[in-house]
Structure formats: C-alpha cells, structure tokens
Amino acid sequence: MMCTTCGCGGGEVKIEGHDHHGHPHDHHEDNGQHRHGDEFQPAHVHAPGMDGRRMVRIEQDILAKNQRHADTNRRYLAERGVFALNLVSSPGSGKTTLLVRTVEALQHRLPVAVIEGDQQTGRDAERIRATGVTALQINTGKGCHLDAHMVGHALEQLQPVADGVLFIENVGNLVCPAAFDLGEAHKVVVLSVTEGEDKPLKYPDMFHAADLMLLNKVDLLPYLEFDVDACIDYARRINPKLAVLQVSATRGDGMAAWLEWIEGGAEQARNARKRALRERKTALEQELAALQSRLGEAH
Amino acid sequence: MHEMALCEGVLQALEEQAEIQHFARVHAVWLEIGALASVEPEALRFNFDVVTQGTLAEGSRLEIVTVPAQAWCLPCGGKVSIRQYFDACPQCGSHQLQVIEGEELRIQQLEVE
C-alpha cells in the first residue's frame with residue numbers, strides 16, 4: 001500500500017500499525033515534485049559536444065536526503081520540546097534491558113516514548129510496552145540501521161507528548177548507525193564490559209559520533225578482565241569530549257546519574273521550546289503593532 | 001558499512017539531477033570519499049553495479065577520489081594529518097584533535113549524455 005504522507009511504496013521496511021514500506025523510493029522535497037524512480041523518463045535531452053557527452057558538477061552529499069529528513073525530525077521535536085536520544089550499540093550490550101529500567105524509573109516524572117529498531121520481530125517494543133510506556137517497533141528487514149525517513153514516519157504515528165523524552169533504540173550494530181542522523185539531540189553509545197575494552201578502537205566511528213558512553217554491566221566486573229580506565233582512555237582518544245557513565249541496568253549502579261543526565265537534557269529542551277514560543281509571541285506582537293499603526297495611518 | 005544504502009543515495013541523486021540538468025544517461029560518477037568515512041571502495045563498487053542495474057547509470061564507471069584525513073590540533077594550534085580517529089597528533093602526541101577533513105561522502109561530478 002502507498003504511504004499517504006509521501007506516497008512512498010515498495011521495499012520491506014515495516015512500521016508497526018502502519019502499512020508502510022520504505023525503500024526504494026525517491027522524494028523530491030526540494031522542488032516540490034514527487035515521482036518514483038521507476039517512472040523515470042529521459043526527457044528534454046540536449047546533446048551538445050562531440051559525442052553528446054558532457055561533465056556535470058553537482059557537489060552533493062550522498063546522505064543529503066537523510067539529512068533533510070533528520071532536519072525535519074529535529075524541528076518537529078524542538079517545536080514540541082521533546083528530548084530525543086538515539087541509543088546505539090552492538091547486539092547484546094544490554095541496551096533493551098537498560099532502556100526498560102530507564103523508562104520504568106522515568107515514566108512517573110516525564111512523558112516517555114520509545115521507537116524500537118530491529119531487523120525482525122516486535123519483541124523489544126513488547127518489552128517496553130509491558131512497562132506501560134508507549135512504544136513503536138520499526139523492522140528494517142535487511143537494513144542495518146534506522147534512517148531519518150523511517151523515524152519521521154514513526155514520529156507521525158507515535159506523536160510523542162510535548163516536553164517529554166523520546167528514546168530511539170537503533171538496530172544492534174556498532175558501525176552503520178553512526179553515519180545516519182535521525183534528528184536526535186545526542187547519540188548514546190552503550191558498551192558492555194563483557195565486550196572487551198578495545199572496542200572503541202576497533203569501531204571508532206560510533207564513539208566519535210556519540211556524546212555519551214554508557215559502560216554497562218559493571219556488576220560483572222569482578223568476574224572479568226576488563227580494564228575500565230583503558231576502555232575510557234581509548235574512547236576519549238577518539239572523542240575527547242565524550243561523557244562516560246558506568247552503569248548496571250540489572251543491579252542499578254549508576255542509574256541515578258544516567259537519569260539525572262536525561263532529566264537535565266529534557267529540561268533544556270523544554271526551556272528551549274518555551275523560549276522559542278516567547279520569541280514568536282514577541283515577533284507577532286511587533287508585527288501586530290506595525291499593522292495597527294499602518295491601519296491608523298490609512299484612516 | 002552500509003555501502004548499499006550509500007549507492008541507493010547516489011542513484012537517487014543521479015535521478016534527481018537527470019531531471020534538473022536534462023540528461024538521460026550517466027557514463028561516469030566521481031565520488032569524494034573521506035578516509036574516515038568507513039567506506040570500503042570495493043564494496044562500494046560492487047553495490048554500485050548492483051544498484052544501478054536497469055537504471056540510467058547502468059554500466060557507468062565509478063571513480064573514487066579519496067580525501068585524506070586532517071585534523072586541527074588544539075594544543076599545537078595547527079593542521080595535522082591523521083589516518084584514524086584515535087590517532088594522536090604527530091607533533092605533540094595530544095588526542096585533542098578536531099577532524100576538519102576526511103569525513104566526506106560527496107558526489108563531485110558526472111559524465112552524462
């Protein structure tokens with residue numbers, strides 16, 4: 001079925017409760033046109049030059065389209081004062097358990113919503129919904145990452161409550177999600193101590209893209225040879241500004257600091273929304289005053 | 001990583017440009033790929049051939065221009081060359097580096113008809 005918003009169809013991306021399929025499709029937001037790749041018709045062909053070939057400079061980012069969707073998502077979230085976090089990690093880092101414990105603790109303080117990304121199954125969204133928090137599952141099919149277009153559709157459907165927090169749990173993959181901006185405020189990388197302290201060096205992109213690293217499963221440290229200081233040092237070689245919190249989702253270590261970090265971000269998003277509203281009110285009042293004075297002159 | 005998604009992005013850009021700049025065939029595509037962009041040229045070529053089958057760019061030549069990575073070293077106050085994100089400044093050994101070049105994923109130019 002065709003998507004009612006942008007008409008995209010085909011492919012195997014599935015967003016729960018929404019008969020939407022992602023790729024392949026093209027959107028042409030910039031020129032207001034909409035057509036699909038398979039409808040391409042060579043038209044208006046000019047053939048200058050010897051053999052009709054010519055060079056065309058375009059200087060365009062390959063991910064420009066994802067960026068446009070991400071910018072739209074970011075604007076949507078900012079207008080509602082929603083603080084959005086993109087959680088990224090390898091499979092098995094304990095991301096979903098961490099998220100379940102996080103939303104359990106937060107849901108009585110703030111509106112919370114979750115977008116779950118996995119290649120297959122709705123199991124993670126079900127785990128989140130069992131806590132009473134709204135969650136929507138995106139299945140990427142063969143896709144190795146969420147992109148901003150999928151998240152845009154999920155936002156339309158999820159309608160996250162204003163002044164709340166949105167968690168986007170990305171597909172378990174420490175590589176590809178690094179390159180795709182979803183419109184989030186921060187990427188948060190979850191690394192568990194069962195994975196080896198040199199992972200930041202082996203998969204540097206994600207640690208470079210993230211603003212916060214959660215070192216999870218620290219309750220297991222007594223049973224492992226994991227050098228916490230070395231791990232943090234490796235991560236900060238890649239990203240000197242990376243904030244780090246040590247947590248155990250199951251035992252509760254560090255959870256208070258993590259919740260405080262989230263609430264701080266949510267407060268900033270809330271304040272920014274109010275500030276934007278006040279600025280808009282002032283601008284409208286000035287415009288109104290100008291119009292009224294013009295109306296006065298006309299009489 | 002995600003070379004397939006990147007190739008789909010390139011193809012979409014080609015189809016958009018075909019309408020704007022009025023061409024029907026693409027014979028060659030020049031991509032600027034930063035050394036830190038985590039793109040495997042071989043995987044990119046393979047996926048490009050697959051993705052462009054049956055399109056205006058079928059059989060086109062893919063030219064990959066690698067952009068070396070450069071960073072601004074805060075302690076030195078100057079530009080230095082790096083090879084990975086975790087490299088230290090070759091002059092002072094600091095990791096306080098701000099990457100300024102080498103993350104590009106850009107379509108530079110096309111040969112079209």
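The values are calculated or read from the model by the stated rules, or taken from the named source; none is laboratory data. What you see is a predicted model, and the numbers here were worked out from it, not measured in a lab. In this analysis, Cβ positions are derived from the backbone assuming ideal geometry, glycine residues included, and neighbour counts consider all displayed protein chains.
For A:ASP124, work out the one condition from (1) over 12 Å from A:GLU169 (Cα atoms); (2) part of a helix (DSSP H, G or I); (3) not polar (S, T, N, Q) it doesn't fulfil.
Against the list (1) over 12 Å from A:GLU169 (Cα atoms); (2) part of a helix (DSSP H, G or I); (3) not polar (S, T, N, Q), A:ASP124 comes up short only on (1).
Can you say whether A:GLU263 is assigned to a helix (DSSP H, G or I) and charged (D, E, K, R), as far as the supplied structure shows?
In short, yes.
Could you go through segment A:38-45 and let me know if any residue there is within 30 Å of A:LYS274 (Cα to Cα) and either surrounded by 14 or more Cβ atoms within 10 Å (Cβ to Cβ) or at pLDDT 90 or above (or both).
Scanning segment A:38-45, I find no residue that is within 30 Å of A:LYS274 (Cα to Cα) and either surrounded by 14 or more Cβ atoms within 10 Å (Cβ to Cβ) or at pLDDT 90 or above (or both), so the answer is no.
All but one of (1) surrounded by fewer than 17 Cβ atoms within 10 Å (Cβ to Cβ); (2) touching a residue at least 40 places away in the same chain (Cβ under 8 Å); (3) β-branched (Val, Ile, Thr) hold for A:THR121; which doesn't?
Here A:THR121 meets the rest and fails (2).
Can you name the residue in segment A:95-124 that is modelled with pLDDT of 95 or more and small (Gly, Ala, Ser) and is also farthest from A:LYS274 (Cα to Cα) among such residues?
A:ALA105
Among the numbered criteria (1) touching a Lys or Arg at 6+ places or on another chain (Cβ under 7 Å); (2) within 14 Å of chain B (Cβ to nearest Cβ), which one does A:ARG236 miss?
So A:ARG236 meets the others, but not (1).
Just a yes or no: is a residue in segment A:53-68 under 22 Å from B:GLU16 (Cβ atoms), under 12 Å from the mean Cα position of the chain (by Cα) and at pLDDT below 95?
Yes, there is a match, as at least one residue in segment A:53-68 is under 22 Å from B:GLU16 (Cβ atoms), under 12 Å from the mean Cα position of the chain (by Cα) and at pLDDT below 95.
Of the residues A:LEU212, A:LEU166, which single one is at pLDDT 95 or above, of a type outside the set (Asp, Glu) and surrounded by fewer than 24 Cβ atoms within 10 Å (Cβ to Cβ)?
Within the list A:LEU212, A:LEU166, the selection yields A:LEU212.
Conditions tested, residue by residue: (1) away from chain A (no Cβ under 12 Å); (2) in contact (Cβ under 8 Å) with a residue 24 or more places away in the chain.
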position: B:ALA37; (1), (2): no, yes
position: B:PHE48; (1), (2): no, yes
position: B:LEU56; (1), (2): no, yes
position: B:PRO68; (1), (2): yes, yes
position: B:LEU74; (1), (2): no, yes
position: B:SER81; (1), (2): yes, no
position: B:PHE86; (1), (2): no, no
position: B:CYS92; (1), (2): yes, no
position: B:GLN96; (1), (2): no, no
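Results for (1) within 14 Å of chain B (Cβ to nearest Cβ); (2) surrounded by 24 or more Cβ atoms within 10 Å (Cβ to Cβ); (3) farther than 23 Å from A:LYS65 by Cβ, shown as yes or no for each residue.
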site: A:ALA185; (1), (2), (3): no, no, no
site: A:LYS202; (1), (2), (3): yes, no, yes
site: A:LEU220; (1), (2), (3): no, no, yes
site: A:ASP227; (1), (2), (3): no, no, yes
site: A:CYS231; (1), (2), (3): yes, no, yes
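Look at segment A:129-157 and say how many of its residues are of a type in the set (D, E, K, R) and within 15 Å of the chain's Cα centre (by Cα).
2
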